[in-house]
1. Take the residues of the stretch 241-272 that are surrounded by fewer than 21 Cβ atoms within 10 Å (Cβ to Cβ) and aliphatic (A, V, I, L, M): which is farthest from ligand 2 (Cβ to nearest atom)?
2. Looking at the structure I just gave you, is His301 touching an Asp or Glu at 6+ places or on another chain (Cβ under 9 Å), surrounded by fewer than 24 Cβ atoms within 10 Å (Cβ to Cβ) and in contact (Cβ under 8 Å) with a residue 40 or more places away in the chain?
3. Go through the stretch 304-318 and count every residue that is out of contact with any Lys or Arg (no Cβ under 8 Å at 6 or more places or on another chain), part of a helix (DSSP H, G or I) and crowded, with 17+ Cβ neighbours inside 10 Å.
4. Can you tell me how many residues within the stretch 207-223 are away from ligand 2 (no atom under 16 Å from the Cβ), free of Cβ contacts under 8 Å to residues at least 40 places away in the same chain and touching a Lys or Arg at 6+ places or on another chain (Cβ under 6 Å)?
5. Which ones in the stretch 99-113 are in contact (Cβ under 8 Å) with a residue 40 or more places away in the chain and out of contact with any helix residue (DSSP H, G or I) (no Cβ under 7 Å at 6 or more places or on another chain)?
6. Six or more apart or on different chains, Cβ atoms under 8 Å: show the pairs whose first residue is in the stretch 125-137 and farther than 10 Å from Leu166 by Cα and within 12 Å of ligand 2 (Cβ to nearest atom) and whose second is at pLDDT below 95 and in a loop (DSSP other than H, G, I, E, B).
7. Taking Phe231, is it part of a loop (DSSP other than H, G, I, E, B), more than 24 Å from Leu71 (Cβ to Cβ), among the aromatic types (Phe, Trp, Tyr) and more than 16 Å from ligand 2 (Cβ to nearest atom)?
8. So Ser80 ticks every box in (1) crowded, with 16+ Cβ neighbours inside 10 Å; (2) closer than 29 Å to Ile181 by Cα; (3) not charged (D, E, K, R) but one. Which box is left unticked?
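The values are calculated or read from the model by the stated rules, or taken from the named source; none is laboratory data. As the structure is a prediction and not an experimental result, all values here were calculated from the model. Note: ideal-geometry Cβ built from the backbone for every residue, glycine included; neighbour counts use all protein chains shown.
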Amino acid sequence: MIIVLKPDATKKQLDHLLERIKALGLKPMISKGTERTIIGVIGPEDALRAQPLEVIPGVEKVMPVLKPYKLVSREFKPESSIIHVGGGVKVGGKALVIMAGPCSVENRDMLRETAKAVKHGGAHVLRGGAFKPRTSPYSFQGLGEEGLKYLREVGKETGMPVVTELLDARDMHLVEQYADIIQIGARSMQNFELLKEVGQSRKPVLLKRGLSATITEFLLAAEHILNQGNFNVIFCERGIRTFETLTRFTLDLAAVPVIKKLSHLPVVVDPSHSTGEWEYVAPMAKAAVAAGADGLLIEVHPNPEVALSDGPQSLLPKKFAALMKDLKRVAQAVDRSL
Ligand code: PEP
Ligand code: MN
């Protein structure tokens with residue numbers, strides 16, 4: 001249920017309304033827009049049917065939300081959300097945000113070299129995994145806390161906020177200490193305990209789409225985070241499993257306009273994991289920006305041949321820089337800046 005307040009509703013009227021909602025055993029979530037305040041009501045809505053809230057002073061209308069997700073919906077918040085990720089970088093505004101770096105933090109020197117290169121190319125956020133979700137238990141699993149330390153150090157040196165994956169809810173406070181954006185990987189999208197955990201944080205969350213998740217399931221995964229009080233969620237479309245085998249996954253670019261229509265939260269696209277091959281990264285990155293993505297997550301490695309993970313899809317720094325130049329023109333064509 002969504003309650004829209006009158007534009008001239010007073011603080012006293014709002015407080016009274018919140019009290020009534022709580023007295024009915026429901027949870028009010030407030031969205032303060034530039035024009036008016038909207039309250040999302042979470043809980044068994046039957047309680048509301050017997051209690052017509054329309055009659056409470058300050059209330060303009062009460063609307064049922066038919067979709068299964070509520071707080072992520074545009075009904076709850078008509079204006080697009082802008083997520084502040086640190087260092088003055090904002091995701092969801094007119095300016096595109098490029099997150100780039102290696103798949104894994106392999107050691108301090110390679111991270112520093114990659115960070116300097118992506119910064120020079122125009123990236124805004126440094127990415128790098130310290131806890132790696134690997135298909136095989138024999139593959140490199142990441143440096144753990146040591147990797148987080150390098151990320152923090154190099155992020156500071158190069159003036160970029162950092163994004164890194166949280167794989168296990170027990171590491172939440174550790175990752176929170178070092179990361180500016182907490183990434184929830186595709187394989188964890190439906191780890192509901194992990195979603196609840198990051199919902200307790202106030203750090204921005206980069207939520208990646210599950211390998212076989214529908215858009216509705218993706219939106220509902222975000223709802224778990226917002227429901228805990230963390231509204232700083234950024235969606236990341238990273239490709240889904242289909243019958244196609246010539247790309248690693250199938251990049252579902254239609255998800256970008258669909259999510260932007262249904263939700264107020266920003267959407268970034270990962271052309272690296274979705275294609276699995278560096279040659280396809282640039283065309284899909286350009287297509288993503290043309291489709292309305294708010295940013296990109298791109299893997300870059302100074303020597304992909306020896307990368308400990310995802311070498312085949314990693315761009316060389318000079319290819320990344322060339323792509324950034326092309327992206328500027330695409331951005332301009334769709335009224336975005338880079
Ligand atoms: C990643 O971005 O490091 C990653 C593992 O991606 P995904 O979860 O989308 O596979
Ligand atoms: Mn990777």
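1. Here the residue is Leu262.
2. On the way: touching an Asp or Glu at 6+ places or on another chain (Cβ under 9 Å): yes; surrounded by fewer than 24 Cβ atoms within 10 Å (Cβ to Cβ): no; in contact (Cβ under 8 Å) with a residue 40 or more places away in the chain: yes.
Here the answer is no, as His301 does not meet what is asked.
3. Step one: list which residues in the stretch 304-318 are out of contact with any Lys or Arg (no Cβ under 8 Å at 6 or more places or on another chain), which gives 304-308, 310-312, 314-318.
Then keep just the ones that are part of a helix (DSSP H, G or I); that gives 304-306, 311-312, 317-318.
Of the ones still in play, those that are also crowded, with 17+ Cβ neighbours inside 10 Å are 304, 317.
Residues flagged as out of contact with any Lys or Arg (no Cβ under 8 Å at 6 or more places or on another chain), part of a helix (DSSP H, G or I) and crowded, with 17+ Cβ neighbours inside 10 Å within the stretch 304-318 amount to 2.
4. Qualifying residue count, the stretch 207-223: 1.
5. The first filter runs over the stretch 99-113 and keeps only residues in contact (Cβ under 8 Å) with a residue 40 or more places away in the chain, leaving 99-108, 110-113.
Those that are in contact (Cβ under 8 Å) with a residue 40 or more places away in the chain and out of contact with any helix residue (DSSP H, G or I) (no Cβ under 7 Å at 6 or more places or on another chain): Met99, Cys103, Ser104, Glu106, Asn107, Met110, Glu113.
6. Arg134/Phe140
7. Numbers: part of a loop (DSSP other than H, G, I, E, B): yes; more than 24 Å from Leu71 (Cβ to Cβ): no; among the aromatic types (Phe, Trp, Tyr): yes; more than 16 Å from ligand 2 (Cβ to nearest atom): yes.
Considered against the rule, which asks whether it is part of a loop (DSSP other than H, G, I, E, B), more than 24 Å from Leu71 (Cβ to Cβ), among the aromatic types (Phe, Trp, Tyr) and more than 16 Å from ligand 2 (Cβ to nearest atom), Phe231 comes out as no.
8. For Ser80, the exception is condition (1).
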